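The values are calculated or read from the model by the stated rules, or taken from the named source; none is laboratory data. What you are looking at is a predicted structure, and each value in this text was computed from that prediction instead of being measured. A quick note on method: Cβ atoms are made from the backbone with ideal geometry, for glycine too, and the neighbour counts reach across all protein chains shown. Side chains are part of the model used for accessible areas, which takes the heavy atoms of the whole protein and leaves out ligands, DNA and RNA. Shrake-Rupley method; radii C 1.70, N 1.55, O 1.52, S 1.80 Å.
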Amino acid sequence: MLRSKAFSLLKPIPLMSGQSNLAYEFIHPAIASHGHCCHRRSVDYRQRYKTHPSSAGGRTISAPQTKVMAEEELPGVLILDIGGTHGVLENLAALLKKHFRLITMKEFLQNKKEMSKKIQSIFVFECRPTIDRELLESLPNLKVIGNSGVGVNHLDLKMISSFGVKVTNTPHAVADPTADIGMALMLASARRLVEGCQIAVSPDTKYFAVDWLGVEVTRATLGIIGMGSIGYRVAQRARAFDMRILYHNRNRRRKEEEEAVGAHYCEKMEDLLQQSDFVMLVVNLTPETHKLIGKKELGLMKPTATLINISRGAVIDQDALVEALQNKVIRAAALDVTYPEPLPRDHPLLKLNNIIITPHIGTATVQAIRMMAEEAITNMLAVLNGQPIPNHGRRRATWAFGK
Ligand SMILES: O=CC(=O)O
């Protein structure tokens, strides 16, 4: 019961006009002024949630309890990689501060003896920083690492778990914006949007659209590899384009879920590759999915097909992709992820004209950054309070690795 109430905190609730909460601080003024976009209600977790239900917009929400803790009593969170010059990231720190005593890496290194005892959690923003054995050895009270983002391939889960530390991620916050980027890449590649922009601003005004024709997404076949919450959101969007939707996944979705988006299951990935006009990769990076798409798989795709990757770069064998694009084995590729990130400026992928590359921006939205932080905070506090992680263990589970 508590679990479902706590999870309801994660669902979008329309922001009321005049509502003063943290969610509001995180919205770009241009969006906030319209007052119609959906955001989750921000809750002060210093007020422990022994909850009573109330209703907002037909949904049950949990009202926080009253006790507010002093800063010194708050659990310490070490923050990694909150850099940048944007107000959004400062707001992120402000959001964490409402629930934790914030300790920056600089502060920790300056006063290791005192700080190391206070740190009970680590907040990881962006997937770049690594957490090594040495850091873990110096934090005797560490209980949880809250990863802000769904992919945790940058963390050594086995090593972290051996310290009795849990790792949580944020699949709910990332699903919609990442699915949006998948659709954006598919449409941009199909209609050669980037080339179009370049031509429109080039000094040569005599151009003919017939020289760079695109292909249509509407009624084409989309093959989704990886039908987790992001893949499913892609299918929901693709349905609006009357696309024929195929999917391949370790586990087949329930019949009602397939029917709701009109998706057909391909037990064999090969069948999906052979039939699809657009193949979208939405899997987690694991040893099983490392270089899942190589020369053989690219060879199975139609010469008119486009490969889109919104998961992790290493899911594709990039050398094989370069060769396939150079030899027109497939029509085009559109990647939000590569390895490494960014690619070296002389990388052969950057020299091709049948590719679009974006710099890993699947969750780079004002809303997603805030929602990821809130989801991570909810997870970290659940672990620290000895409570179940909201929605953990369901199909679209928040991961919680470790003992
Ligand atoms: O790449 C983004 C994420 O892992 O959420």
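Taking a straight line from the alpha carbon of Lys295, these aspartates and glutamates sit under 18 Å away, with near neighbours fewer than eight places off in the same chain left out: Glu270, Asp271, Asp277, Asp317, Asp319, Glu323.
Using Cβ point charges alone (K and R +1, D and E -1), the dipole size of the range 142-211 about the Cα centre works out to roughly 320 debye. In whole angstrom, how far apart do the alpha carbon centroids of the range 259-321 and the range 218-254 sit? Using only Cα atoms to place each centre, the spacing works out to 12 Å.
Charge dipole (Cα centre; +1 on Lys/Arg Cβ, -1 on Asp/Glu Cβ; no other charges) of the range 223-351 amounts to roughly 100 debye.
Assuming R0 = 22 Å, can you tell me the calculated FRET efficiency for the pair Ala94 and Glu114, based on Cβ-Cβ distance, to the nearest 0.05? Once rounded, the FRET efficiency stands at 0.40. With the highest mean first, a sort of the peptides 99-106, 154-161, 139-146, 166-173 on other beta-carbon atoms found within 10 angstrom per residue produces 166-173, 139-146, 99-106, 154-161.
Solvent-accessible surface of the range 229-374, averaged per residue with a 1.4 angstrom probe and all protein chains in place: 46 square angstrom. Along the positive direction of the dipole of the range 164-303 (beta-carbon charges: Lys, Arg +1; Asp, Glu -1; about the Cα centre), which of Thr289, Val210, Ala200 reaches farthest? The residue sitting most towards the positive pole is Thr289.
The fraction of accessible area contributed by carbon and sulfur in the range 191-309 is 52 percent, rounded to a whole number (1.4 Å probe; ligands and nucleic acids excluded). If a/c stays under 1.5 just call it rounded; otherwise compare a/b with b/c (prolate if a/b is bigger, oblate if not). Do that for the range 261-378, with a ≥ b ≥ c from the square roots of the Cα gyration tensor eigenvalues. Oblate.
Of the GluC sites (Glu not before Pro) found in the range 162-263, the ones in coil according to DSSP and having at most 14 other Cβ atoms within 10 Å of their Cβ are Glu216. Note on Asn251 and Lys206: the extension gain reaches 11.0 nm, defined as 0.36 nm multiplied by sequence separation minus the Cα-Cα distance. Checked against a 23 Å cut-off, the cross-linked pairs Lys255/Lys302; Lys106/Lys143; Lys117/Lys166; Lys166/Lys255; Lys118/Lys166 give Cα-Cα distances beyond that limit for Lys255/Lys302; Lys166/Lys255.
A full extension of the chain between Val194 and Arg239 corresponds to an added length of 13.7 nm, given 0.36 nm per residue minus the alpha carbon distance. The range 213-286: percent of C-alpha pairs farther apart than 15 Å? Value for the range 213-286: 48 percent of Cα pairs lie more than 15 Å apart.
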